[in-house]
Amino acid sequence: MENNQFQKPLIYSLSLFLGLTILGYFIFKGFKTFSDKDRIVTVKGLAEMNMKANGSSISIRFSFSGDELQDVIKATEKKKKAILTFLKKSGYASKDLFVSDLSVTDYEKYYENQWVEGKEVQVKIDRYVISQNIEINFKQVEKTESNASKITLDLVSNGLTSHVSTSYTFPELNTIKPRLIAASTKNARISGEQFANDSQAKLGKIKTASQGQISIAGDYNYSDENGGNNEVPEEPYMRKARVVSTIVFFLE
């Protein structure tokens with residue numbers, strides 16, 4: 001009986017001690033968590049990736065003008081046939097040649113006002129302008145520019161002078177977007193860990209994250225506000241996709 005009376009206060013004391021210990025631990029964790037919320041670091045993660053064109057084309061455009069519609073159409077048709085014959089003899093397959101419909105512009109007014117020697121005068125213009133386009137599809141994008149230059153010179157040599165231009169198609173951004181975002185997040189964490197080490201702290205979980213807009217560069221220069229190398233591909237069949245993610249980490 002006496003043992004039971006002695007054991008009950010002891011059990012109560014141990015329970016109280018254990019309860020206060022657990023309570024103190026959670027209070028400490030709560031204060032620590034509260035204080036850790038004020039310890040953050042904001043870093044940017046830059047990621048860049050080159051994109052190669054998956055297709056290209058050469059466009060050959062020519063036009064004629066005149067007051068008689070049928071005569072202009074005949075001249076356009078004659079030149080179209082001559083260019084197609086030349087291209088086929090040069091080794092281009094019919095399946096890779098695409099001819100657009102005729103584009104007809106009708107200037108209802110035969111005259112337009114122009115300034116000549118300081119005076120505004122009316123100048124006679126052709127009523128009809130008809131243009132047409134022949135497009136050649138390419139898969140070997142690296143050779144597109146050299147082929148276009150050769151076609152330009154050959155057309156001039158054969159009396160078929162035309163406006164020759166090139167264009168390229170690139171993969172959809174969605175094909176590289178996941179890798180690009182993952183790389184920018186990884187680079188942001190590396191920067192955050194470096195900052196944490198310098199501050200004798202430990203990088204914690206992500207508090208907030210925002211993905212910058214993906215930009216595409218190529219054939220032109222663009223200003224870089226986030227520490228990129230400002231280099232863009234010189235080849236017309238290459239583009240550079242880049243994104244900068246801003247991530248806020250907790251510091252422990």
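Taken together, the values in this text are just the output of simple stated rules run on the coordinates, not laboratory data. Just so it is clear, the model here is predicted, and its values are computed rather than measured. Don't worry about glycine lacking a Cβ; one is built from the backbone with ideal geometry, like all the others, and counts go over all protein chains shown.
With R₀ fixed at 41 Å, the C-beta to C-beta distance from Lys74 to Ser146 puts the FRET efficiency at about 0.75. Pairs from the list Lys44/Lys139; Lys88/Lys109; Lys52/Lys186; Lys79/Lys139; Lys139/Lys186 with a Cα-Cα gap above 28 Å: Lys44/Lys139; Lys88/Lys109; Lys139/Lys186.
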